[in-house]
1. If you check A:GLN47 against the conditions, is it at the interface with chain B (Cβ under 10 Å from one of its Cβ atoms) and over 21 Å from A:GLY193 (Cα atoms)?
2. Considering every residue within region A:273-296, establish whether at least one is more than 14 Å from chain B (Cβ to nearest Cβ) and more than 26 Å from A:THR355 (Cα to Cα).
3. One residue is enough: does region A:36-43 have a residue meeting the conditions under 18 Å from the mean Cα position of the chain (by Cα) and more than 30 Å from A:ASN173 (Cβ to Cβ)?
4. What tally of residues in region B:317-329 results from selecting those that are touching a helix residue (DSSP H, G or I) at 6+ places or on another chain (Cβ under 6 Å) and either part of a helix (DSSP H, G or I) or farther than 13 Å from B:ALA67 by Cβ (or both)?
5. Out of the residues in region A:175-188 that are of a type outside the set (Lys, Arg) and in contact (Cβ under 8 Å) with a residue 60 or more places away in the chain, which is surrounded by the fewest Cβ atoms within 10 Å (Cβ to Cβ)?
6. Counting just the residues of region A:116-160 that are of a type in the set (D, E, K, R) and closer than 27 Å to A:LEU91 by Cα, which one comes out modelled with the highest pLDDT?
7. Which number in (1) facing another protein chain (nearest Cβ under 9 Å); (2) buried (at least 24 other Cβ atoms within 10 Å of the Cβ); (3) small (Gly, Ala, Ser) marks the one condition that B:SER181 misses?
8. Restricting the search to region A:348-387, which residues are surrounded by 16 or more Cβ atoms within 10 Å (Cβ to Cβ), within 14 Å of another protein chain (Cβ to nearest Cβ), hydrophobic (A, V, I, L, M, F, W, C) and in a helix (DSSP H, G or I)?
Amino acid sequence: MLGLEKKDFRLLLVVIGLTLFAPIILNPFPAGSEMAQFNAGYPDLMQRFVIFGIFAIGFNILFGLTGYLSFGHAAFLGVGSYSAVWMFKLLSMNVLPAIILSVIIAGLFSLVIGYISLRRSGIYFSILTLAFAQMSFALAYSVLTPITGGETGLQLALDDPRILGAAQTASGNIPVPALFGLEMRASYELNIGAWSFTFNTGYYLAAVMLVLAFYLAIRIFRSPFGLMLRAIKSNQTRMSYTGLNSRPYTLAAFVISGMYAGLAGGLMASMDPLAGAERMQWTASGEVVLMTILGGAGTLIGPVLGAGMIKYFENIFSKINGQVLHDWFGFLPGGLEDFVVTIIYPFVGKGWHLTLGIVFMLVVIYLPGGLVQGGQKILAALRRTKTDDANPGASKPAE
Amino acid sequence: MSKSNFSRRGVLKTGAIAGAGLALPTYLRADSHTGFTNAPGASEVVLGFNVPQTGPYADEGADELRAYELAVEHLNGGGDGGMLSTFSSKVLDGTGILGREVKYVTGDTQTKSDAARASARSMIEKDGAIMITGGSSSGVAVAVQALCQEAGVIFMAGLTHSNDTTGKDKRANGFRHFFNSYMSGAALAPVLAAQYGTDRKAYHLTADYNWGYTTEEAVRSSTEALGWETVNAVKTPLTQTDFSSYIAPVLNSGADVLVLNHYGGNMVNSLTNAVQFGLRQAQANGKQFEIVVPLYSELMARGAGENIAGILGSQNWDWKLENEKGARYSGTNAFVKSFGEKYGFPPSQAAHTTYVQTLLYADAVTRAGSFNPCAVVEALEGFEFDGLGSGPTLYRADDHQCFKDVVVVRGKENPENEFDLVEIVEVTPVDQVTYDPEHPQFAGGALGTCNPGA
């Protein structure tokens, strides 16, 4: 179906199901309960899940297939955001032209950077991309302040032209990004018993993009072009000896993944119309590398899982403060309560980096294939107990 | 796999379900309208404290958070009440806000606009926060302020000093108690002229980002108006840690004053370099060479150690204010006392401004009798108050900036302890730092109208 093999189609269906029902899946705890702290089903975080999912899928096309580790991918994300916000400022608040332009500009930008950086491979390539990204960051942060807004970021203003739309709303405010009148931040609350689910327009737009991006990634992975990219990863020298020029293939992969990043950047600006230079900083580039490795480089679903995991830690764990912990462990006797809180406190709130670091370490040591490998191991173990050793060791990678 | 049969029954059934699905949200939307975003329930109200907990300003963020916790305690009737007893408006009585208990959620801005907005959005969307406050840099303040305007909640800015926050990036839902670059320049210039004379030649080193530009411009124009000359102004990259190459040319440039428009780690490093180069002992144009740091902070002073001795700068507030300058600054001692009793050391100016902002918000809601952001904006605009540690203060309606006295301080030669690093030189009265809302340094941008969201 849709030109996919049965297994891939099933995976696509799983992704569609997950994104469609994410508002329900991510809010497993009743609102107002103690566990509601762990609910992730609010628009901002859900949007982030899918947007960084797209970013990581794109990165994986480059890193997972060709093995070229780009350390400057955030630059394309940033460029995408800036172009989207400029479209909001100049053209209209419709997200469609903004997203299209951000993909195009990020594509052009990655073509230039890719053309230069891909002259080298391995660590030199990584350093070149890192240098370009840091350069873009520095430019955006100070030198190009008139274009990028510098430190305070590029923002909408009441006196922007917006030639195809209203410069300001009737009440004198800046209009919000919308898709033909459908506001991105519009949400519908659905209350079922104690549970409360939020369905957000912006989230579903981003989710549709994620599904499309994911579908395209499957097609690339399974195409002859994808095979060529894998060949580059396994032995580029041998490919050159057979008389094949691998540069056009790596450059194409680089531009495609740059466009994915641009799409993510454009979506980010559409959900929240602001573009800041920090989006291009090396920490942002490093984050997408972490996401991909955490989820499983070279697998289809891995980067999305990794992106979700990191964003979950960043947004949920960082909000658990001492007061919340005391609420949780209030039932324990005084001394014990303080003791437990003291033990846990360094790992939550501002210590969320620490928890993430430990998780990352454990994954890299015990599951070099990322979360996907963990899933496969669990599945394999389940299957083994079910079939009662009838067919040992027959587990195939199920990306 | 692509086989499908359309039966009349099937199509009707699917159509009915889809129709119901589409109609449901419209129906649900209709019943949850209270007129503004996150209207609080009958028993409690949630405030969002969005401060840097990691990154370069984590120390300031931690101090802000302490002040917020103290303010919540006082609003809920705990502790000794702090500034509630000295505040000129007496509507707050320790029963929360409008009879609702004050709860709070915290978030980490990481001093990045994106992270700060993500954190603020989660507070608004997930935790139902009715007001967002905090932050320790102008970039973050401007970004979060714009977000709050879009979402329809009130933003009470924390530590943000750039002119833009209430200048070109001002928003109707945003309020700033902290002073700004222009006020620093206007307050410092007369003191500089009195201490160092009116025929000085200044050399500026400016951090290459927004706040640096506005501060340099403010100090330049104020000092030049008093007869100073600006020899050169050099921009330094924000990530610079060694300023030797920028300091070296200063002595031969003909300048006799060095102005460091730096903040945080930048300022600690550049000042240390300047002192190591012997600028403090140097003579130029037959005069003693001087260094000026427009924006001082206790935490930076601690970082720079003894290098800070004798160097002039400006502050929003200082914990010794009431003791040294009298009852005009009442509230200071009450705040320092309850903060000190709770945490064991005096509060920084960041703590002061965030504590005051929380009280001002609670007071505005109570006076307005509503949590509706538009009612709060109306209550805060043009509000004159006293007894919050800075003397008589005005929240100007034109740009939502507070106007109050500015403290000019000097690094102590022999500090007694790590909390007593600066001495108050002078307090510049509010008239001297007041400016026209259309002043060129604040030009562009529009306040817009208040947005209640929903």
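The values are calculated or read from the model by the stated rules, or taken from the named source; none is laboratory data. Quick caveat, the model's predicted, so the values are computed rather than measured. All Cβ positions, even for glycine, are placed from backbone atoms using ideal geometry, and neighbour counts span all protein chains on display.
1. On the way: at the interface with chain B (Cβ under 10 Å from one of its Cβ atoms): yes; over 21 Å from A:GLY193 (Cα atoms): yes.
Criteria met by A:GLN47.
2. No - not one qualifying residue is present in region A:273-296.
3. Residues of region A:36-43 that are under 18 Å from the mean Cα position of the chain (by Cα), as a first pass: A:40-43.
Remaining after also requiring more than 30 Å from A:ASN173 (Cβ to Cβ): none.
No; the residues of region A:36-43 include none that is under 18 Å from the mean Cα position of the chain (by Cα) and more than 30 Å from A:ASN173 (Cβ to Cβ).
4. Just the residues of region B:317-329 that are touching a helix residue (DSSP H, G or I) at 6+ places or on another chain (Cβ under 6 Å), to begin with: B:317, B:319, B:321-322, B:329.
Then drop every residue that is not either part of a helix (DSSP H, G or I) or farther than 13 Å from B:ALA67 by Cβ (or both), which leaves B:321-322, B:329.
Qualifying residue count, region B:317-329: 3.
5. As a first pass, look at region A:175-188 and keep what is of a type outside the set (Lys, Arg): A:175-184, A:186-188.
Now narrow it down to the ones that are in contact (Cβ under 8 Å) with a residue 60 or more places away in the chain: A:175-180, A:184, A:187.
On the way: A:PRO175: 20, A:VAL176: 19, A:PRO177: 26, A:ALA178: 20, A:LEU179: 16, A:PHE180: 7, A:MET184: 25, A:SER187: 19.
Across region A:175-188, the extreme among qualifying residues is A:PHE180.
6. Of the residues in region A:116-160, the ones of a type in the set (D, E, K, R) are A:119-120, A:151, A:159-160.
With the extra rule that they be closer than 27 Å to A:LEU91 by Cα, the set shrinks to A:151, A:159-160.
Details: A:GLU151: 77, A:ASP159: 80, A:ASP160: 83.
Filtering region A:116-160 for residues that are of a type in the set (D, E, K, R) and closer than 27 Å to A:LEU91 by Cα, the one modelled with the highest pLDDT comes out as A:ASP160.
7. Tallying (1) facing another protein chain (nearest Cβ under 9 Å); (2) buried (at least 24 other Cβ atoms within 10 Å of the Cβ); (3) small (Gly, Ala, Ser), B:SER181 fails exactly one: (1).
8. A:TRP352, A:LEU356
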